[in-house]
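Written below as structure tokens is the structure these notes are about.
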Amino acid sequence: MPCAPLAAAATAATNHPSPAPAHPASPHLRLRPRPSHLRASSAPLRRRGSRRSSIRTDGSPSDGTSSTLAVTEEGASASTSCAPATPLQRISWRVNKTGALSGLERVEDELAPPLPGEARIKVRAIGLNFADVFSVLGLYQATPQTPFVPGLELCGVVEALGPPADDLPEGTVVPPLQVGDSVMAVVRFGAYATSVNAKVHQTRPLPAGWTFEEGAAFLVQGLTAFYALKALGGVRRGHTVLVHSAAGGCGLFGLGICRALGATPLATVGSPNKAAVIRERFPDFPPEHIIVRERGRFGAQVKAAAAAAGAPGGCDIVMDAVLGDFFQGGWDNLARGGRYVVFGAADLTPSGDLGIVGWIKLAWKYVRRPMVDPLNLPGENRSVMGFNLIWMFDKIVELGELLRDLAALDLPAPKVGRTFGFEELPAALRTFQSGQTTGKVVIVVPE
């Protein structure tokens with residue numbers, strides 16, 4: 001299903017009176033004064049239960065005071081909200097203690113009313129990411145203090161809108177939402193719930209023809225792959241790109257982005273059945289460009305695939321979320337002027353909970369991790385680059401532009417490899433942690 005409706009939906013409003021954008025407008029991004037219908041609807045909301053501690057946008061508890069403004073919308077207006085004034089009772093999965101997936105607890109809590117610049121979304125689908133596993137295990141630097149609600153992306157229906165935020169950067173894309181709209185959203189934690197408050201500028205309308213599950217599979221992994229390849233890797237026509245974990249959500253996006261831009265992707269997978277997923281998604285994908293990784297000879301595999309692709313000098317970009325034993329083979333086959341982009345470490349991911357044995361295994365992998373000497377980089381004319389998308393959330397205008405450009409590629413809807421029910425969320429994370437899944441793993445939330 002083409003992604004063109006998302007590009008059209010990027011026609012958006014700015015919260016500043018000046019109509020001049022910070023960057024030239026394009027057919028996909030036209031900035032205009034914020035429309036009046038972005039104000040909260042007066043439609044009644046279902047509310048029940050007594051007031052207890054409320055939840056901030058990042059999924060951590062709040063005492064319900066105005067100090068949450070600093071967490072959810074820096075510089076947001078403190079004007080009186082026209083959203084519902086009482087919290088909403090909901091169900092969420094909360095982490096009380098990190099270190100084990102068994103630390104996830106299904107709880108009933110209350111979601112605070114949406115603040116300026118926020119939309120309350122009734123969640124219909126939740127996308128899983130490796131950051132979720134690392135945050136529950138306590139291995140993710142950006143993890144909030146416990147207790148917190150994990151999860152970075154979701155798709156659902158707008159239930160209520162707070163008043164407009166009045167201090168967003170000029171050029172910020174703010175979709176003109178209304179109650180009842182189907183939307184995709186990213187949040188800095190808090191997605192594992194039946195209702196969520198999300199910043200409006202971190203939402204996009206669900207493209208026509210897409211399911212909620214496909215919507216929950218787009219934003220995080222699509223932006224991750226596009227930022228890795230375009231913003232950092234500088235991918236362009238004629239490049240040869242090594243894409244690790246190519247049958248996963250980010251990997252499939254990486255392959256699609258490379259092909260759309262005229263680059264030649266080489267796909268690495270962990271098993272032959274995952275190679276079949278790539279051929280199913282891209283029927284014309286050359287089989288000699290697919291590498292079923294082998295620890296003892298991975299470097300030789302990459303060299304052969306690059307030569308088959310007409311790049312005997314090696315790859316121009318490596319897109320790596322695996323690392324571990326597979327770093328060196330990619331690095332040894334990175335061409336002069338090449339860029340090695342790191343955004344994960346799946347080979348270091350614990351296979352289970354972090355008991356004493358788990359910590360010992362993790363420590364052993366950590367001390368054996370690959371090293372690159374910066375003093376050698378100028379002479380080799382190569383670079384290693386790393387990023388974590390969550391630390392980009394404050395780059396509001398830049399991410400909006402990336403999303404606009406990603407949508408303009410007209411990629412097909414994401415591949416959803418497997419779905420689980422909301423009650424099965426811990427089991428879904430364990431399955432995802434195993435590394436045996438393909439495409440996106442999505443949690444389906446009942447109406």
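Quick notes on this one:
- Dipole in debye (nearest 20) - the range 80-131, about Cα centre, beta carbon charges: Lys, Arg +1; Asp, Glu -1: 160 debye
- Calculated FRET efficiency for the pair Trp391/Glu424, C-beta based, R₀ 25 Å, to 0.05: 0.25
- In the context of the full set of protein chains, residues of the range 400-447 present 39 Å² of accessible surface per residue (probe radius 1.4 Å, heavy atoms only).
- Linear extension gain, Ala208 paired with Arg106, 0.36 nm per residue minus alpha-carbon span: 33.4 nm
- Net +/- balance of residues flanking Val384 in space, Cβ distance below 15 Å, scoring K and R +1, D and E -1: -1
- Heavy-atom accessible surface of the range 148-221, averaged per residue, reaches 21 Å², computed with a 1.4 Å probe.
- The aspartates and glutamates within cross-link reach of Lys122, meaning a Cα-to-Cα straight distance under 12 Å and a gap of 8 or more places when in the same chain, are Glu159, Asp181, Glu447.
- For the range 91-133: accessible area per residue (Å², 1.4 Å): 28 Å²
- Spin-label pair Gln145-Asn273: with each label point 7 Å from Cα along the Cα-Cβ axis, the two points sit 4.4 nm from one another.
- Sorting the segments 365-377, 426-438, 314-326, 266-278 by their residues' average number of neighbouring beta-carbon atoms within 10 angstrom, most packed first, yields 314-326, 266-278, 426-438, 365-377.
- If R0 is taken as 30 Å, the Cβ-Cβ distance between Leu261 and Val292 corresponds to a FRET efficiency of 0.75.
The values are calculated or read from the model by the stated rules, or taken from the named source; none is laboratory data. The model shown is predicted, which means the values in this text are computed figures rather than measured ones. Heads up, the Cβs are rebuilt from the backbone with ideal geometry, glycines too, and the neighbour counts pull from every protein chain shown. Calculation scope for accessible area: heavy atoms of the full protein, side chains included, ligands and nucleic acids excluded. Shrake-Rupley method; radii C 1.70, N 1.55, O 1.52, S 1.80 Å.
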